[in-house]
1. List residues of region 178-204, by number, whose backbone nitrogen lies under 17 Å from a label position 7 Å along Cα→C-beta of residue 235.
2. Under a 10 Å cutoff between Cα atoms, tell me which one of 217, 152, 19 has the largest fluctuation in the Gaussian network model of the chain.
3. Taking only Cα atoms, what is the 0 to 90° angle, nearest 10, from helix 154-173's long axis to the longest principal axis of the chain?
4. Relative to the first principal axis of the alpha-carbon coordinates of the chain, what is the inclination of helix 16-27, with its axis defined by its Cα atoms, in degrees from 0 to 90 and to the nearest 10?
5. Against the longest principal axis of the chain, how steep is helix 200-209, in degrees 0 to 90 to the nearest 10, with axes from Cα atoms?
6. Highest GNM mean-square fluctuation, the chain, Cα pairs closer than 10 Å: which of 36, 190, 105?
7. Over all alpha-carbon pairs of the chain, lay out the pair-distance distribution in 10 Å bins, whole %, shortest bin first.
8. Cut-off 19 Å, label point 7 angstrom out along Cα-to-Cβ of residue 106: give me the residues of region 186-211 whose amide nitrogen falls inside.
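Rule-based calculations on the coordinates, nothing more; no lab input. Small disclaimer: the values here were computed from a predicted structure and weren't measured. No Cβ is skipped: glycine too gets one built from the backbone with ideal geometry, and neighbour counts run over all protein chains shown.
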C-alpha cells in the first residue's frame, strides 16, 4: 500500500490501460478520480471495483482532448478529493490509414488526442501541484510507436514521439518544484480497443508470436504507473520506461 494518503487522476480510465492504471493505484492505496468523456457503465463498474479495495473513487466526466475542459476536470477532481498528487495521462485516440490517403482532419484529431490533450491536462494538473506545493507525479502513457515507425499509423506515431519529447521538456521545467514527470511506453496490450480492431482470434494467434508469448495486460502497465507514482521513484524524472515484453527486441531474434 505504497500510495496510502495519495490521490490520483487518471484520464481515459473507463477501459483498457487507463482502467488498469486506476485499479492498480487504488490497490496501492490511492483514492482515484476517474475521467472519461462521459459517464458510462464501464466507469461506474470501475468505481464499484475500486471501492471494494477500500478506496474512494469519483467519476469526473469531460473531454480530456479539449483545453478548456481539462481545467474544469482538474478543478472538479480537486473539489471531490481535496488535491491531486498523481496524474496518469492516458490519451486514447487512434485511426489507422495509408499515408497517401490519410485524411488531414483525422491527422489533427489523432494529434489532439495523443499529444495536445496530454499537454492541456498535464499543464492544468501541474499548475495545481505548484500552487499547493509539495511536488507531485505525472505519468504519461506513450507507446513503443514513439520508438519504432509502424505503417498505417503516421499520426499516432508522430503524436507519441512528440509526447515523449514534450514529457522530457516538462520534466526539466518542473525540476525546481520537485514534480516527477515520466513516460511509460507500452507494447501490444490486450485491451477492448485492440479486440475491436483485430478480433480475438487474431490477437490470440499474434500473441503467440511475441517474445513473451502473449500480449501485455492493462494491470501490468498499471503496476509500473504505481511505481513511478510512488516514493520509490522520487529520483526518477524525464525517463521513458518500455513495458513491452520484448516487443522492441523482436528484430534481434
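1. Label zone hits: 178-181.
2. Its mean-square fluctuation being the largest, the pick is 152.
3. On a 0 to 90 degree scale, this one is about 30.
4. Value to nearest ten degrees: 40.
5. The answer is roughly 80 degrees.
6. 105
7. 8, 32, 38, 18, 4, 0
8. 193-199
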